[in-house]
Amino acid sequence: MPLVYQQNINRSTKLGVWHLAEGADFFLQQVPLKAMITHPHKQLQHLGGRYLLKILYPDFPYELIQIADTKKPYLANEACHFSISHCGEYAAAMVSNEQRVGVDIELITDKVEKIKNKFLSQKEQSLITGLQQSQNNLLPGALLTAAWSIKESLFKWYGDGQVDFKKHLVIEQIIFTKDNAVAHCSFLKGTPRLLLVHFIFINKNCLAWVVS
């Protein structure tokens, strides 16, 4: 069973990561393919994410999932909050019946260096540079990938689109703990909010999540 990571965030919120080792037929026995996806691997990622919802919440009504204009999947009347992400051979999902959630998984790569000016301010880049010097056991590009994943999880948490990653999503501080790392972030679209985004590095990927 390739459930490589699972955490009960609180009494109503669960998080999981699935390694997509099975073929599409395995998932099609469990969940339907409703979207018009023709690429085989994207099909697999789509199915794996929805199957993971079922693993986390066996009664999750995945057949009622709708897609917003922003391409965010949702349930009408927000009967349950959820977020799905997939990258390469992994799918991640987060579900809560009380709070809004956002999850993102990204393959660690140093290629993100080329686009850092598009989503990070100079102050944020200085923060990342300082952390790279103190956390020298990390893979090249790990912290820049984490910064992107942090902001992606916030974008998914918000869910309404029209967010400027550099202007509206600000990483103020990152603190490494024994089990994971926590980014203190300011969400500056509409009413400003301080949000905590947790992240870990797992199998050469960065997994970031927020719940509030």
Legend entry - Dipole-positive endmost among Val95, Gln30, His46 within the stretch 1-100 (Cβ charges, Cα centre): Val95
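DSSP loop (so not H, G, I, E, B), at most 15 other Cβ within 10 Å: list which chymotrypsin sites (Phe, Trp or Tyr not before Pro) in the stretch 9-51 pass both filters. Working shown, then result.
Values: sites: Trp18, Phe26, Phe27, Tyr51; in loops: none.
Taking the stretch 9-51 and a limit of 15 other Cβ atoms within 10 Å, no loop chymotrypsin sites (Phe, Trp or Tyr not before Pro) are found.
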Legend entry - For the stretch 169-185, 3J(HN,Hα) per residue [Karplus equation, 6.51 cos²θ - 1.76 cosθ + 1.60, θ = phi - 60°, Hz, x = Gly/Pro]: 10, 10, 8, 8, 7, 10, 10, 8, 10, 5, 9, 7, 10, 10, 9, 8, 10
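Can you pull out the GluC sites (Glu not before Pro) in the stretch 9-98 that DSSP calls coil and that have at most 12 other Cβ atoms within 10 Å?
Numbers: sites: Glu22, Glu63, Glu78, Glu89, Glu98; in loops: Glu22, Glu89, Glu98.
Within the stretch 9-98, the qualifying GluC sites (Glu not before Pro) (loop, at most 12 other Cβ atoms within 10 Å) are Glu98.
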Inset, instruction - Could you check the simple spin-label distance between Asp164 and Ala79, using points 7 Å along Cα→Cβ, in nm with one decimal? - result: 3.9
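Given only helices, namely DSSP H runs of n ≥ 4 each adding -39500 (n - 2.57), what is the per-residue ellipticity at 222 nm of the chain, to the nearest 500 deg cm²/dmol?
Values: 5 runs with 56 residues, N = 212.
After summing the helix terms and dividing by the residues of the chain, the value is -8000 deg cm²/dmol.
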Legend entry - Accessible surface, per residue, of the stretch 1-106 when the full set of protein chains is kept, probe 1.4 Å, Å²: 52
Legend entry - Low-density loop positions, trypsin sites (Lys or Arg not before Pro), the stretch 41-105 - DSSP coil, at most 14 other Cβ in 10 Å: Lys71
Inset, instruction - Report the extension gain between Ile37 and Gln133 in nm, rounded to one decimal, defined as 0.36 nm multiplied by the number of residues separating them, less their alpha carbon distance. - result: 30.3 nm
Inset, instruction - Please work out the C-alpha center-to-center distance from the stretch 121-136 to the stretch 50-99 and express it in whole Å. - result: 33
Inset, instruction - Just list whichever of Lys14/Lys116; Lys42/Lys178; Lys114/Lys151; Lys118/Lys178; Lys71/Lys166; Lys114/Lys167 have alpha carbons separated by over 24 Å in the model shown. - result: Lys14/Lys116; Lys42/Lys178; Lys118/Lys178
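The values are calculated or read from the model by the stated rules, or taken from the named source; none is laboratory data. For clarity, every value in this text was computed on a predicted model and none was experimentally measured. Ideal geometry is used to build each Cβ from the backbone, glycine not excepted, and the neighbour counts take in all protein chains shown. Heads up: the accessible areas ignore ligands, DNA and RNA and are worked out on the full protein's heavy atoms, side chains in. Shrake-Rupley method; radii C 1.70, N 1.55, O 1.52, S 1.80 Å.
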